[in-house]
Amino acid sequence: MKKLAIIFTVLIAAIFAGIIGIRVQSPDRDITEKETKVGVLLNGKKTDASWNQAHADAFEKIEDELNLDVILAERVPYGDEAVQTMEDLIGEGCKIIFAESVGYANAVAAEEKAHPEIIFYHCSGTRFGDNCTAFFARNYESRYLAGIAAGASTETGKIGYVAAYGYTEVIRGIDAFTLGARSVNPDAEVIVEYTKSWDDYQAAYEAAKKLIRQDGCDIIAHHTDTLAPLQAADDLGTRSIGNNYDNRGRYQNSNICCITMDWSSYYYDEIKSCLEGRFYGKNDWLGLSTGSCGLTELTDKAGEGKAKAEAAISEAEKKMEAGTWDVFFGPVTDNESTVRILAGEAASDDYLLNDMNWYVQGVTVHE
Amino acid sequence: MSDTEKKEKTKKKLSKFSGEASQARLTLAMHWIFFGLIIAMVVTGFILYFRMNDSLNTFAAKQLARVARSNAEVISEETVTALENLEFLAAQLEAQPESQQELLSSTAKVVHTEKFGCIGVDGTPVFGRGLPDNDMTLVKDALHGTGSLVYREGVGLVAACPVMRQKNIRYVLYEIIPNDRIAEVIENSEESPLGYQMVMNKEGTTAYVFEGIPEAGAAFLQSSEADGYFQDMFRTMELNHAACDFYSAKTVGDIFVYEAEIPQTDFFLAGYAEKDAVAADLDRIAFLVMWVFGLLAVIFVISAIYLVRVQVRVTKVNEIMMEKNRAEVESNSKSSFLASMSHEIRTPINAVLGIDEMILREFDDPKLTGYATNIKNAGNTLLNIVNDVLDYSKMESGKLSIVPVDYDLSELIIELVTMVRPRATAKSLNFVVNVDETMPHILHGDNVRVKQCALNILTNAIKYTERGQVVFTVSYRAGEEGLGAFTFQVQDTGIGIKPEDMDRLYKPFERLDEEKNHGIEGTGLGLSITTRLLALMGTKLFVSSVYGEGSTFGFTIDQFVLDEEPIGDVRATYKKKIETAPVYHQAFTAPDAKILVVDDTDMNLFVVKGLLKETKISVDTAMSGEQGLAKLKVYDYDIVLIDHKMPGMDGIEMLHRLRRESMNPNQHKPCIALTANAMSGARDYYISEGFEDYLSKPIDSAALEKMLMDFLPAEKIRIEKQPELPDPELAKAVAMLKDRRNRFMAG
């Protein structure tokens, strides 16, 4: 009897083992249930009150809600170190990598191929792929608005512009700024001084000083990652327009307004899509309407032109958000009097990204 | 291992399985096993069902995904074609800006004017109606230089393409594909219906839900629940560009939810189909499998039950075998008990009678011989009683067997008469013998038992009759197939039997009218034995009686008739026999002969010595097999008488050893076995063991002398002729001895 019972038990156990494995179907709905690791490459300090801090701030804003563990890698140089840093982050378990500088393009390209399962976001990049999205903000739009503010506020009619390099991005910014300024002040002049560095404080400071002393600019705008131009303006008793970050509080005596970048809503939407499995590679150039780029409110340093500026800014914003108009809708003439964009035309993104190497009327560049 | 030890062992073995308690336990265990088996089958069935359903659903889902994909491709074609057309047109316009209106109007012929147009970068229509509400966000991407497909609720799908001048956008061409057109496209496709569908963009926001969907379906598609399912599938979409999965939805039940990329757009075709619509056949497959499984399960259970029952039966059979063995062991022990009892009891009786015989022979003193005669009578009676008891015992244990042999009926009758008549005469009873002279007398049957029964009823008749007569009748009626029915009847004028006592007749140890019959000897076993014997022989006793007047006892028995020769006048034969009864005195002497008698009981040795005294044979004795062999080595003997049952080396072993001793002078001398319990076939048995013959104990002196005469060397025998004297007493004695011996032989 015992033998029989044992045989039966073994048989039944075998049947069980063979059929076992019921898969219970239940969609994993709560995407934020598990913590997701996100790696970020910054080319500077996260406390730089500028470009990098804008990114850091954005992540900080959204990390709790989406249950993220954001690992910031600061001051990552371009080149091999960038690749290594990305490898390290992926090794730590990061599922999404943000490369927040145009200089990481090669690193992104390499890692993108090496890790098809990891999602890459390249800020200010232009190339996208199956697991890589390039994104940027249409900063030229906010620069245009800044230009309006500058144009309306300047008393000397000369606005200084400290810029790092003559990239298309920078020139585009200068052109937008100038178009904005001249839309309220047709005689406004924008004088550009290049520092050949994004964060060389001294160079930027000197450039600003030069613009103020030599050229008589009463407003300094800039396209660098340092606060030097604002400091210089403040020190030398003129006014400034900030870049990347809202530093009005810092320079209460001199700052009119600041161009800001708020990546938080873009990051939120994008990371959420990633968690939901909806990621697909694209090129996002985020306009004003998305909130990624913007201009702060004008301070009283705008002076008498403040009201005029605000009205113009508001109108421009509306047009841009409605999609009926953008900064580089024609006619646009360069500073050699050639009409580059005809009336009734709009510059394509391709043009803006690649062919914007001329200056609009009203721009003077120091060699 | 002795018998008792064997018994203990078997008892232990049986205790596990036998007994009501463990039987109940066994049954309970079986029930639990069945219960468990059935549960296991049911659970396995469920698991199989779910697993199978799973697999079938996955299969169906894959199929559905493929269909969704192809449908998506169809949509893609439609929408992308629109875009491609615009791109082509744009290219043409760029190449030939002067033919603008021509190109536009010819295109418009193909597409509805409302749905197609060309606008400037500020939205001013160049051709067509312009965008609805002049909503430039519809062509946002086009304004930045890339063709696009945008879905807007209430509008439909908007394809837009910029017309460039170098790198600047001059115009925007657009075409609006309304909702119903999309639905049309799909519904026209040949593919099987996909249930309820919608188009949605990659951000997961619903683009368009096709018409004709019931509200519940539409609500579901746009619900967060559906959203969850879509998210799930999005992950698996990487490889296939289409995914489908089975879900049990809360609101709409069992469905297949699918997503398919619409290639070259940013949209998905998404929707769900009810399981019943898609997978009706699958249910049939599932049912079939479960049906087969169910059957197999039933077969399995039945086989299990059958196997267990077989097992139980096997166990039972084992039990029965054990019981049988036990019973056999018991039976065997009973047999050996009987055998040893037989031996033990007869040996001292043998001694008493033997020595008594010697007294009768050697002494003339009448007083002494008188006493000796009384002893003899008592001894014989005792022997009879012992035999009765042993017979009865044997019959009770079923050890008594009927041994048919060829015999002469006339001899049987004569022997009966010889034994009975003196008794009747002694009581002054008239003894009448009626024998049918025409009946055959050469028969085949168990004469010993027949005689025993007849003797019993005869002696009873004489016992219970005080005056009058006893009539003994033997009659015959021919039967068929060589049988004859012989009736032995005894009629007496005795005390009779009361009707109410008739039943007690056959009861063992019962004496009727105890007080009245107090003086009558006997154990009361006689009739009981007789009826049993008659039953064994296939017949029974008939009785009739009138209390106070007399009784008639009798039986009719079938015996095989070997010869038809009639018996003739038995009385005459009897008379002759009486007169010519040979008397055995010591018929010979053999003073030169030397024999060895081996027996473990010195009483027996004494008896033999005494019986042979007159023959002048030199008689050596030994008390054991070893002693006997020792003597045999030294002395020369003519015959060796060896007792069979001796402790240690028994008679047979001794004989075998003797026969192997090549140096022994007596190696091949004739050996006679002595045995107290001779059974049928004894002679053959002892001969097969190497003896020449055997004698049964108590040793009959006549038989002993005859045996010696047969086996002593002829030159040593001196026969003395003696006058033959008829001696009725002796004849009777002889007859009784013979009878006794025969009974011993019958076992």
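Read the figures in this text as sums done on the coordinates, not as results from a lab. Everything numeric in this text was worked out from a predicted model, so none of it was measured. Positions of Cβ are generated from backbone atoms using ideal geometry, with glycine treated the same way; all protein chains shown enter the neighbour counts.
Please compute the Kirkwood hydrodynamic radius over the range A:224-266, one decimal place, Å, based on all pairs of different Cα atoms.
On the way: mean 1/r = 0.0950 Å⁻¹.
Radius from the Kirkwood sum: 10.5 Å.
Mind checking the range A:279-328 for trypsin sites (Lys or Arg not before Pro) that DSSP puts in a loop (not H, G, I, E or B) and that have at most 16 other Cβ atoms within 10 Å?
Sparse-neighbourhood loop trypsin sites (Lys or Arg not before Pro): A:Lys282.
Which order do B:Arg421, B:Arg25 fall in if you start with the one that has the fewest other Cβ atoms within 10 Å?
Sorted ascending by nearby Cβ count, the order is B:Arg25, B:Arg421.
Provide the convex hull volume over Cα atoms per residue for the range B:267-389, in Å³.
Value for the range B:267-389: 131 Å³ per residue.
Roughly what % of DSSP beta bridges within the protein assembly as shown run antiparallel, to the nearest 5?
Values: 89 of 155 bridges.
Here the antiparallel bridges make up roughly 55 percent for the protein assembly as shown.
Over the protein assembly as shown, with a single point scatterer placed on each C-alpha, what log10 of the ratio I(q)/I(0) does the Debye formula yield at q = 0.06, 0.07 1/Å?
Each listed q corresponds, in turn, to -0.68, -0.84.
Given N residues in the range B:434-487, what is Rg(Cα) / (2.2 N^0.38 Å)?
Values: Rg = 13.5 Å, N = 54, 2.2 N^0.38 = 10.0 Å.
Computed over Cα atoms of the range B:434-487, the ratio equals 1.34.
Considering the dipole of the protein assembly as shown built from charges on the beta carbon (Lys and Arg +1, Asp and Glu -1) around the Cα centre, which of A:Tyr251, B:Ile457, B:Val111 is farthest to its positive end?
Farthest along the dipole direction, towards plus: B:Ile457.
Note down the nm distance, to one decimal, between modelled labels 7 Å out along Cα→Cβ at B:Val110 and at B:Val289.
Here the modelled spin labels are 5.1 nm apart.
Shielding by partners for B:42-48, please: the mean number of other protein chain Cβ atoms within 10 Å of each residue's Cβ.
What the average comes to for B:42-48 is 3.
Could you give the length gained by full extension between B:Leu26 and B:Glu328, i.e. 0.36 nm per residue of separation minus their alpha carbon distance, to one decimal place?
Extra length from B:Leu26 to B:Glu328 when fully extended: 106.0 nm.
Compute for chain A: radius of gyration divided by Kirkwood radius, i.e. Rg/Rh, restricted to C-alpha atoms, rounded to two decimals.
That ratio is 1.16, to two decimals.
What share of the DSSP beta bridges in chain A is antiparallel, in percent to the nearest 5?
Details: 8 of 51 bridges.
Close to 15 percent.
Direction-averaged shadow area of the convex hull around the Cα atoms of the range A:234-366, nm²?
Values: hull surface 44.7 nm².
The directionally averaged projection comes out at 11.2 nm².
Of the trypsin sites (Lys or Arg not before Pro) in the range A:181-254, which ones lie in a loop per DSSP and count no more than 13 other C-beta atoms within 10 Å?
Listed in order of number, the matching sites are A:Lys196.
In the range A:53-127, which GluC sites (Glu not before Pro) are in a loop and have at most 13 other Cβ atoms within 10 Å, using DSSP for the loop call?
A:Glu65, A:Glu117
Can you pull the one-decimal nm distance between simple spin-label points at B:Ser223 and B:Asp592, each 7 Å off the Cα toward Cβ?
13.5
Using +1 on the beta carbon of Lys and Arg, -1 on that of Asp and Glu, and nothing else charged, what's the dipole of chain A about the Cα centre, debye to 20? Walk me through the numbers before you get to the answer.
Values: 34 positive and 58 negative charges, 171 e Å.
The calculation lands at about 820 debye.
Taking Rh as the Kirkwood radius computed over C-alpha pairs, what is the Stokes-Einstein D of the range B:66-130 at 20 °C in a medium of viscosity 1.002 mPa s, expressed in µm² per second?
Translational D for this selection: 163 µm²/s.
Using just the C-alpha positions of the range A:97-206 as equal point scatterers, what log10 of I(q)/I(0) does the Debye formula give at each q in 0.14, 0.19 1/Å?
Per q value, in the given order, log10 I(q)/I(0) is -0.68, -0.94.
Residue by residue through B:292-304, how many Cβ atoms from other chains fall within 10 Å of the Cβ on average?
If you average over the peptide's residues, the count of other-chain Cβ atoms is 1.
Could you work out the percent of alpha carbon pairs in the range B:333-394 separated by over 17 Å, rounded to a whole number?
46
Give me the percent relative contact order of the range A:139-194, please, defined on Cα pairs under 8 angstrom at least 6 residues apart.
Computed over the range A:139-194, the figure is 52 percent.
Which pairs break 20 Å Cα to Cα here: A:Lys2/B:Lys316; A:Lys318/B:Lys140; B:Lys631/B:Lys706; A:Lys46/A:Lys282?
B:Lys631/B:Lys706; A:Lys46/A:Lys282
Could you list B:Ile285, B:Ile176 so that the one with the fewest beta carbons within 10 Å of its beta carbon is first and the one with the most is last?
In increasing order of surrounding Cβ atoms, one gets B:Ile285, B:Ile176.
Over the range A:87-182, what is the relative contact order in percent, taking alpha-carbon pairs closer than 8 angstrom and at least six residues apart?
22
Using the per-residue mean of other Cβ atoms lying within 10 Å as a proxy for protection, in what order, highest first, do the peptides B:464-470, B:98-104 fall?
Put in order of decreasing packing, that is B:464-470, B:98-104.
Just to compare against my own numbers: the Cα pair-distance distribution for the range A:324-367, 5 Å bins, whole % per bin, please.
For the range A:324-367, the pair-distance distribution reads 6, 21, 30, 25, 12, 4, 1, 0.
Quick one: dipole size for the range B:278-325, taken about the Cα centre, charges +1 on Lys/Arg Cβ and -1 on Asp/Glu Cβ, in debye to the nearest 20.
Rounded to the nearest 20 debye, it is 280 debye.
With only Lys, Arg, Asp and Glu charged, each at its Cβ (+1 for the first two, -1 for the last two), find how big the charge dipole of the range B:601-711 is about the Cα centre; round to the nearest 20 debye. The partial results should precede the final answer.
On the way: 13 positive and 17 negative charges, 31 e Å.
Around 140 debye, computed over the range B:601-711.
Where does the range A:88-135 land on Rg/Rh, using Cα atoms and the Kirkwood Rh?
0.92
Per residue of B:129-142, how many C-beta atoms from partner chains lie within 10 Å of its own C-beta, taken as a mean?
2
Sorted from largest down, what three extents in whole angstroms do the Cα atoms of the range A:141-239 have along their principal axes?
Cα spread of the range A:141-239 along its principal axes, largest to smallest: 33, 30, 18 Å.
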